[in-house]
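Contents: one structure, followed by commentary.
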Amino acid sequence: MKNYTHTHKLHFILLAFVAILLTNFKSFSQDIDPVTANLVTAPVGTYVIAMDNELQNQPNYFNMKAYGLVVAILNQKIAVKWVIATGKAKDDADFTGTAKRVFPTTTSASSLSFKSGPFLIFPQDSAGISAVINTYNNGIASSTPVYVYQLTVATTVDVRYTLTQIPRAAIMLDGGLSSIHVSYMAQAGIQSPANYRTVAASHLADSCYTFASQPHDDIDSSRTLDSIRAYVKNAGGNLLVECAAIPRYENRPTVGGFYQTSKGIDTINATPPGTTANQNYNTIVYNHPDLSFLQYEGKFDPTIIGGSCQTWNLFLPAQVPNDTFINNGAMYQSGVKSGVTYMGQSVAKLGSASGVGHMVFYEGGHDYTTVLNNNTNRINVLNGLRAYFNAMLTPSAVSSCNFMSFNNDLTITKTVTSSNIYYGRNDTFMIVIQNTGPSVNTSLNDTVRDLLPSGFTFGSAVASKGTYNSTTGNWVIGNMTLNEKDTLRIYATSNTVGTITNTAFIRKNQYDFNQANDTSRVTVTVVASTLAATVQGTNTCGGGNNGSVSAYPTG
């Protein structure tokens, strides 16, 4: 378990340094440890949906409707940034900033610490956000409006995810208790059929769902379990399994099963809720508090909630030797009784450790809503619900139903006709930009910047779409549909001997979620005309002119 005592400023400096080191050695997933810090500046005017017990109260307890508001915003194709401080301890602040409350009523600006994974909407993404917030708050009980704040001073934040996928959950009917998770949706103010449906699991892998959940499962169907495993492993969906479904799913090595462990799990239950012997743990530990599943404030103890599977552990060596976690699996919430560690929350990631999706979340306890009004147990119940929706909002890799995504990955590739030329000769630079999706929505206001470096004199440019300004270097393309590919050719003359690098990069796209492929560069070596030059690449002009062109094309 992590325990950090650095100052807030030093904390972010260290995280930035670690992020650089990790980037140089390995590309890690943001779903499992070790995650990479992504420090960005949240501008003045950024909206903040608070997710801690103090700034988002109902009153007195956390307001679950905050999750419903996040979903409502995503439904309107407004990008939401999920801020989680890398390396934080449980219940530490994710960031501290100067902000004022702007919904449902306004307050004066002050220094506020935001905890438990707040959700941010940056100004450039916030068109229409006020109407969405007001409509949502007006549609729920007047006693439970969601509090939204706004930064009045720019602040450094650690963005774990930029959410650009409309959530759509499948609550599985198998086992007969789908009503449990339907009640969770009601607590959060999330509506069916827009964002969830109750479905049979047998065709889950063939359907359009970003998230699937199973509250209980007493069935014995290989078709069902195989379909669920295919949904997670092959389709890239995320799965949450609760209570009795946990040993059913995990302990079936020949039919699905073994999601998180090499040999299965052993269910450990407490005595019924309400008895003095109920407490199953001496100490509760939260092992990965900087990951999405554990973004809740306070404790979660499923033994208080009850159920047929409250806690579990790997098989003891005396029972089944060498039982270990697999698939990047780990216990997230655990406790100790009689010297043995048990867990109430655990997570695995099937397949590659990189990228998003393929997550399997286990959570103990039967029905959180049945004891929601019991003030003694309320914090455990609310945090069980919170973990459920944290799993639901963790990005999936489901791409076959890309109508739910409103993100685009624009890629850029730059090439040069000749990488070695004589001084005074002409060369051709070609830039190709493509909208690779997965969203079927048109990418808006796309611009590439490619300003010729010192060492080349601009001649002319030919664009398949849009216009190029040689003074600013901006190639204004406009809008791009899914899989659209556009090309710009720049014809230039070398005017300096030496090695010259020309760089092109994507300058404007609202939801370009993968920025690693937004820059491309080429290097050209220019030699004096009295020296031999080795011409590389394809000479599209023909003849033996060592990469020169006889005239500049004009269109």
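Full extension of the chain segment joining Ala200 with Leu451 gains 84.8 nm, where the gain is 0.36 nm per residue of separation less the Cα-Cα distance.
Against the set (1) 31.4; (2) 25.8; (3) 24.9, the structure's computed Kirkwood radius over Cα pairs in Å falls on (2).
For Cys208 and Ser399, calculate 0.36 nm times their separation in residues minus their Cα-Cα distance, and state this gained length in nm to one decimal. Residue separation times 0.36 nm, minus the Cα-Cα distance, leaves 67.9 nm.
By the helix-only formula, in which each DSSP H run with n ≥ 4 contributes -39500 (n - 2.57) and the sum is divided by residues, the chain has a 222 nm mean residue ellipticity of -5000 deg cm²/dmol.
Extension gain for the segment Lys100 to Asn134, taken as residue separation times 0.36 nm less the Cα-Cα distance, is 10.5 nm to one decimal. For the pair Glu54 and Thr471, a Förster radius of 60 Å applied to the C-beta separation gives a FRET efficiency near 0.70, rounded to the nearest 0.05.
Which shape class, rounded, prolate or oblate, goes with the range 309-351 when its Cα gyration tensor gives a ≥ b ≥ c as root eigenvalues, a/c under 1.5 marks rounded, and past that a/b bigger than b/c marks prolate?
oblate
From the Cα trace of the range 412-484, what convex hull volume per residue do you get, rounded to a whole Å³?
Taking the convex hull of the Cα positions in the range 412-484, it is 90 Å³ per residue.
From most to least packed by mean Cβ count within 10 Å, the peptides 361-367, 485-491 give 361-367, 485-491.
Among 442-451, 96-105, 161-170, the peptide with the highest mean count of other Cβ atoms within 10 Å heads the list, and the full ranking is 161-170, 442-451, 96-105. Take His358: with every protein chain present and a 1.4 Å probe, its accessible area is about 40 Å². Amide H contacts under 5 Å for Phe456: Asn495, restricted to partners 5 or more places along the chain or on a different chain, H placed in the peptide plane at 1.01 Å from N. On a per residue basis, the chain carries 39 Å² of accessible surface, using protein heavy atoms and a 1.4 Å probe.
Please report the carbon-and-sulfur percent of the accessible area for the chain; probe 1.4 Å, protein heavy atoms only, DNA, RNA and ligands left out.
52
Sorting Arg197, Arg252, Arg386 by accessible area puts them as Arg197, Arg252, Arg386; the probe is 1.4 Å, largest comes first, and only protein heavy atoms count. Spin-label model, Asn495/Ser308: points 7 Å from Cα along the beta carbon direction are separated by 8.0 nm. Given +1 at the Cβ of Lys and Arg, -1 at the Cβ of Asp and Glu and no other charges, the dipole of the chain around its Cα centre is 880 debye to the nearest 20.
Of the peptides 80-90, 453-463, the order by per-residue mean of other Cβ atoms within 10 Å, starting with the highest, comes out as 80-90, 453-463.
The modelled label-to-label distance for the pair Thr107/Gln515, using points 7 Å beyond Cα in the direction of Cβ, is 3.1 nm. Once the Cα atoms are used to define both axes, helix 222-233 deviates from the longest principal axis of the chain by about 40 degrees.
The values are calculated or read from the model by the stated rules, or taken from the named source; none is laboratory data. What you are looking at is a predicted structure, and each value in this text was computed from that prediction instead of being measured. Please note: Cβ atoms are built from the backbone with ideal geometry, for glycine as well, and neighbour counts cover all protein chains shown. What goes into the accessible areas is simple: the full protein's heavy atoms, side chains included, and nothing from ligands, DNA or RNA. Shrake-Rupley method; radii C 1.70, N 1.55, O 1.52, S 1.80 Å.
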